1. Would you mind classifying the chain by shape? Square roots of the alpha carbon gyration tensor eigenvalues, ordered a ≥ b ≥ c; an a/c under 1.5 is rounded, otherwise it is prolate if a/b is larger than b/c and oblate if not.
2. Give me the percent of accessible area attributable to carbon and sulfur for the chain, probe 1.4 angstrom.
3. Sorted by mean Cβ packing within 10 Å, highest first, what order do the peptides 466-477, 354-365, 542-553 take?
4. Helix hunt in the chain: which complete DSSP H runs extend at least 15 Å axially by C-alpha with mean Kyte-Doolittle at least 0.5?
5. Mind ranking Thr233, Thr395, Thr258 by accessible surface for me, highest first, 1.4 Å probe?
6. Calculate, for the chain, the solvent-accessible area per residue in square angstrom, rolling a 1.4 angstrom probe over the heavy atoms of the protein chains.
Amino acid sequence: MVTETGGAPAAGTLHGLGVSPGRAAGRVCRMADPPRLPAPRPVADTARETALALRALEEVAAELSARAGRAPGSEAGAILEAQSFMAADPGLRETVEENVAAGMDAGHAVDAACGHHRRALLEAGGHFAERAADLDDIRNRAVAAVLGLPVPGVPDPGHPFVLVAGDLAPADTVNLDPATVLALVTEKGGPTSHTAILARSRGLPAVVACRGAPEIGDGTWVSVDGTAGEVVTGLAEEAAEEILRRAAAERRRLAASTGPGRTADGRAVELLLNIGSAADLGAGAQAEGVGLFRTEFLFLGRADAPGFEEQVAAYEAVLRASPGGKVVVRTLDAGTDKPLPFLDLPEEPNPALGVRGLRVGRVRQDVLDVQLDAIAEAARASGVQPWVMAPMVTTAGEAADFAARARARGVTRVGAMIEVPAAALRAGRLLRELDFLSIGTNDLSQYAFAADRQHGELADLLDPWQAGLLRLVAECGRAGRAAGKPVGVCGEAAADPLLATVLVGLGVTSLSMSAPSLAPVRERLARTSLAACETGARIALDADDPAAAREAVAGMTAAGAARR
């Protein structure tokens with residue numbers, strides 16, 4: 001599985017996008033290249049070739065489903081299950097059959113079919129484009145099965161290593177062992193890619209969109225800074241070992257950080273979890289509750305919507321198990337950019353700007369009504385009153401309508417996700433209708449900068465340190481303070497310890513993240529006063545670019561620590 005490259009490069013620094021904080025060092029081990037197809041061969045028996053190609057897709061679908069089964073109820077499991085459905089998609093099978101009928105052998109038929117559907121996903125944009133990398137993985141696995149080659153996957157060199165790849169598929173990342181894989185570096189990807197999401201959930205430092213990553217030779221000693229987005233190559237082994245010692249000491253120090261989130265001078269900042277089901281709560285004992293319960297994982301990969309009783313059971317399990325008792329439930333975030341067959345929504349030319357999130361209620365109000373009924377019943381059964389918010393709220397009218405529907409069912413705390421710039425700019429007006437706001441920095445960045453979340457060439461625009469994004473967060477924070485109502489961040493920006501201090505300085509009152517990020521964020525806040533948070537916020541808002549903002553705030557923080 002290790003690809004030989006002819007040696008390590010000279011010492012230097014590669015830059016990418018840091019998507020999972022922390023620092024690590026070790027020898028590089030690269031992912032094997034995708035299986036290469038031999039030259040096309042004549043097809044004498046189309047039935048045999050068709051059967052060979054379809055059997056390969058069936059094997060891939062079964063393997064992905066089995067892997068999903070080993071991570072039941074988790075975000076990783078849901079991603080793999082959705083990928084399994086892609087491999088078994090009748091449309092993909094039909095294209096394969098057509099390719100064989102046109103004279104292609106099994107391997108080339110699978111390759112061409114996956115390429116065709118991949119292009120369609122990219123052209124559709126939004127969530128569709130995010131799934132293009134999944135089709136690459138399906139192609140590689142199916143072609144390997146056709147050719148009788150080993151399935152591409154994570155290498156096993158027999159020692160801890162830094163994994164370097166062009167990109168990583170969910171099946172590659174779901175079973176990564178943090179004791180063996182020290183850090184991740186990929187050439188592609190963005191802050192919301194599968195690599196980023198799963199690296200954060202495992203506490204692995206990760207840098208994506210790192211140009212030059214494929215040229216790093218196997219065995220090269222490197223350090224990876226998942227906060228700054230830097231990969232230093234050509235280290236001496238002694239230097240790498242020292243970085244590992246310091247990282248281990250840092251982890252031990254952070255493990256001692258417990259209790260509620262507070263600034264150094266006692267300002268409370270709730271530290272919460274992002275989850276997809278009750279299964280994700282196991283590692284979050286130090287959280288003060290759940291800041292984002294993504295209910296769509298209950299709906300993915302199904303031909304029919306989950307029934308009322310099934311939904312009640314899933315929501316009740318989370319309400320009963322949540323640490324701290326607080327659970328912020330997001331209603332179904334799906335639509336034409338996150339297709340669910342049972343919604344039966346028409347195709348759109350630009351799904352990311354179409355019917356998604358709360359807007360699904362314009363054509364399928366019954367789906368939202370059943371979900372709200374189920375949430376209300378789960379609250380009665382558990383005795384825990386959830387906070388309920390809708391995704392993709394854009395106007396005060398939408399906020400008022402959603403609030404009325406939720407409150408009519410007994411929900412006492414109703415809010416909205418802030419993912420659209422128009423909503424951030426009118427946050428004060430929305431809070432006349434709502435009890436709280438939660439900022440989804442991932443989508444808010446995408447819409448504010450007109451940059452697709454999965455476009456590797458535009459990853460710098462999606463850096464959460466961008467002043468334009470922080471200005472929108474500041475608008476929400478200001479509105480929250482004026483209304484005396486809470487404003488949280490549940491996007492990936494909340495997991496950056498240094499940026500967390502800036503967000504608090506902008507008026508954010510809670511931060512929601514994956515479990516491994518809780519301790520670093522808690523510890524950073526505990527040694528930063530509210531006044532320093534506010535100073536850092538002003539510095540970041542005035543910076544010319546994300547790198548300058550990060551450097552200036554870090555310098556200010558270090559200077560303050562030195563004075564103490």
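1. Note, shape of the chain comes out oblate.
2. The nonpolar share, carbon plus sulfur, comes to 53 percent.
3. Listed from highest to lowest mean packing, they are 466-477, 354-365, 542-553.
4. TM-like helix candidates: 75-87, 467-483, 530-542.
5. Greatest to least solvent exposure: Thr258, Thr395, Thr233.
6. On a per-residue basis, 39 Å².
The values are calculated or read from the model by the stated rules, or taken from the named source; none is laboratory data. All figures in this text were calculated on a predicted structure; none of them were measured in a lab. Glycine also receives a Cβ, built like all others from the backbone with ideal geometry; neighbour counts cover every protein chain displayed. Ligands, DNA and RNA are stripped out before the accessible areas are found, and what is left, the full protein with its side chains, is counted by its heavy atoms. Shrake-Rupley method; radii C 1.70, N 1.55, O 1.52, S 1.80 Å.
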